[in-house]
Every structure is written in structure tokens, then in C-alpha cells.
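The block underneath contains the structure these notes are about, expressed in C-alpha cells.
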Amino acid sequence: MANTVLVGAQWGDEGKGKIIDFLTEKADIVVRSQGGNNAGHTVLTGGQKYVLHLIPSGILHPGKQNVIGNGVVLDPVSLVEEIEGLRAVGIAVTPENLILSDCAHLVMPYHRALDAAKELAKGKNKIGTTGRGIGPTYGDKVARTGLRLADLMQAELFCSKLATRVEEANAQLISMGAKPVSFDEVKASALEAGAKLRPFVVNTVLYLNKALKAGKNMLFEGAQGTFLDIDHGTYPYVTSSNTTAGGASTGSGVPPHRIDSVLGVMKAYTTRVGEGPFPTENAEIADLLHGMGREFGATTGRARRCGWFDAVSTRYASMVNGIDEIAITNLDGLDTVKTIKICVAYKLDGQELEVPPSDFQLLTSCEPVYIEMPGWETPTDQIKTFAELPKNAQAYALKIAELTGGKLIIVSTGAQRDQTILV
């Protein structure tokens, strides 16, 4: 297996965790390079459901190394809870299979408080964040006032920096009418978590580049999706990191020319969580999927907004990420649909657009132009080969690949690891 970046080609929640879990068998190292515990990857295998937030999905495979890179923002208390939760169900988590970048920035309680206060202040213009403090943490990083894991490993230095930052954050919280945080409580919980994480903390850039020289294969695990990217997404209704393929290099320290391929993951339809424009949103398809118990967030439990497949956005995602190969997930979600729509263009003021407009208000005004394809109206969740799929299902998957501009290599027909078809 080459060094591969796996990215979401939509608004996140594309089923990346399952595809990474499937591909990990051929990888030596799985790297998480951006985002925080606002992401959730769900993996079902052996009758057990695992919901991972910060730890790469490779942790479920014995003998694989997992890396949380410098581009990740890391809540130390939540990470300790995630480690202990995995150990409680028999998954080994040790410094031998998980390492953390000493340059990863820390998500602190005041970041979560600021996140909530800012969302409340926005009222009807809220972005729809998870409230996990991710945006304020990246804000501190860019403002050069953030705390990093390396700081947490030095108690005296950490407490000095923390005191300054808590004072600043509390002044801001009070001005917004929110409750300030307790310095003593924040300090105590962080130092306790830091002591437990200490054995895992290393210079991951050095580790990864030595692994490259040793010929190790790497799989870079993306969180969220292309249209939540801080630069290329539907701004301002985005996350605060680079969710596109370029973020794998900046968030890990692995040079771009050492990455061999990009795999784009996309659902057979489209979903998004939170606020913001969604041209193909459709209440009928949302009711269908929610009625099946599907499309509820792994991190928040929120019902996802649902709609028809949007080939305009995924084509743009292929451009931005350099997607070589495609994995289509949740094909079985459309098993009962008689006629399936695909958006192949947007119309704005009577003109067809080649790519989504950068301004979210213009995107909100776009009308989707659809083609229709016949559904297959039969279950696909037990099918093991592409040739055995109903002809209409094959044609639909191949049409998505054609419109998006990548080679179809995987079709997923269920949440279990063995419900994965190699094309």
C-alpha cells in the first residue's frame, strides 16, 4: 500500500472511519493530522460498536502504530477518557501503538465555554458547532497564545501560561454574560490528564520521517469533510482546520511529495450537520433515512440534514484534494428508492455554474439541476461482489464516479467491516 490520504468529499460524516478501518490492514501507521474531538468515527466489527473521537481507527488493529499529529487540537481530559474507554472493552492502548505530537494544541474548558457563549451570541446566525471548543482553540493557535502538549509536560511553565490565558478568557466570558472558569479546577484536571498522557508524547515529525525512510506505509485519516475546510468550505459554516488533503502534510510534518495518492470518501447521497447552505437538501430523503435509524451524529447525536447526491460539489472536492480513487458508502440507504436524483449542475440567476460559488449566500440561492436514474428496489446489504449488485446499483455507483472524476474502488453496503465491496 502506498502512502494514502483519505478525505471526505462532502460535508463530513461520509463513513471515513469504516473505510480507514478497512484499509488499515495494509498500512503500518495510521495518522490523524487535524481536527479535534468534534469528529466521530464509528466502526462496527465483530458485533462491537466503537466510536472514536481523537484516536485513529487503526487502534482497533493489533500491530499498527497510530499517531495524533501536530495539526490536531487535543482535549487531554477527553483523550484520557477515550483511552480508558477502549481499554475497558479490551482494546490495547499503549505508547507502543499510540503516540501524540508534543506540538498538538490543547483544548481547555475555557475554549468550550467561549464556543458556547459565541454561538449563543450569534442567535439565528449561529454556525452550529459541536460546542467542543475547537474553533477557539485554533483561534488561540493562530493568535500564538495557545498551550501545547509540550507545555503540559512542564508543570511550572504550564501553570504560568495557563494563569495568563484563564485570566484573558474569563474577562471575555464575563463581558459576554457567561460564567468564568476556575483556574484551580482547570489546572488540576489538566495536570492529572497530562501525567497519564506523558508516556505517549513524542516528536511525531521525527518519528514519521524515520518511518518513511524505513519504507513504512502510512494512511492519513481525515476528520470532517472538504466543505467544512476553513479555506475551501462553505465559509463561515465550516470547521477551523484544513480538512482537505493538504492538511495531511501540514498537520503531520510529512512532506507533500511523500504522499502517493488521495482517496475520496462520499456517501451515495449527501448529508450535513449544523447550519449553512445545502443545495440538494430534501425532506423526503431525510425522513426515509431517519426513519431507518440512520444519519444521527456519532459525536453529538444530532439528526443530520439529508439530500440527493451533489456531483457539483464532489467534482470540486476532487479538484481541491487531487482525488485519485473513490469510495462510495451507504449505498444500501437507497435500496428502497424507486427513482434517484443526482445534481449535475447549479443554476444561479439563469446561468449554470461549473463549481459551487464561494459566497454562501450565493450558494443558498443556487437551484440544483437534476438527472434521474432508476433505483434497484432490492436489498444490497448482503452482497459481496460488485458484479452481484443489481445492475441499476452498479450503474448508479459508476455514474457518481464518472461525474466526480475518480476511479471507483470501494462500495460500502452497510456499517459492518465485512459489508465492503472492492470494485
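For the chain, the longest principal axis of the alpha carbon atoms and the long axis of helix 76-88 meet at an angle near 70°.
Proximity of backbone amide H atoms, modeled 1.01 Å from N, is registered between residue 34 and 223 at under 5 Å, excluding neighbours fewer than 5 places apart on the same chain. Relative to the dominant Cα principal axis of the chain, helix 183-197 is inclined by about 70°. Cβ crowding within 10 Å ranks 377, 354 as 354, 377, fewest other Cβ atoms first. Taken as Cα centroids, the stretch 376-394 and the stretch 144-222 sit 47 Å apart, rounded to the nearest whole angstrom. Spin-label model, residue 81/residue 142: points 7 Å from Cα along the beta carbon direction are separated by 2.8 nm.
Of all the options 19, 328, 91, the one that moves most in a Gaussian network model of the chain with Cα springs shorter than 10 angstrom is 91.
Using a Gaussian network for the chain with springs between C-alpha atoms less than 10 Å apart, which of these wobbles most: 25, 156, 82? With Cα springs under 10 Å in the chain, the top fluctuation among 25, 156, 82 is at 156. What residue among 150, 104, 387 has the largest mean-square fluctuation in a Gaussian network model of the chain, using Cα springs under 10 Å? In the Gaussian network model the winner is 387. Rounded to the nearest 10 degrees, what's the angle between the helix 204-213 long axis and the longest principal axis of the chain, both from Cα atoms, 0 to 90? The two axes meet at around 50 degrees.
When both bridge partners sit in the chain, DSSP labels roughly 40% of those beta bridges antiparallel. Derived scalar couplings between HN and Hα for the stretch 34-42 equal 7, x, x, 7, 7, 8, x, 10, 9 Hz in order, rounded to whole Hz, by the Karplus curve 6.51 cos²θ - 1.76 cosθ + 1.60 (θ = phi - 60°), x for Gly and Pro. Packing around the peptides 66-74, 317-325, taken as the average count of other Cβ atoms within 10 Å per residue, puts them in this order, highest first: 66-74, 317-325. Comparing the chain with the 2.2 N^0.38 Å rule of thumb, its C-alpha radius of gyration ratio is 0.98 (two decimals). If exposed means no more than 16 neighbouring beta carbons inside 10 Å and the site is in a DSSP loop, what's the longest run of the chain without any exposed trypsin sites (Lys or Arg not before Pro)? Between exposed loop sites, the widest span is 1-125. Reducing the stretch 47-99 and the stretch 1-28 to their Cα centroids gives an inter-centroid distance of 16 Å.
Read the figures in this text as sums done on the coordinates, not as results from a lab. The shown structure was predicted, so the numbers you read here are calculated from the model rather than taken from an experiment. So basically every Cβ, Gly included, is an ideal-geometry build from the backbone, and we count neighbours across all protein chains shown.
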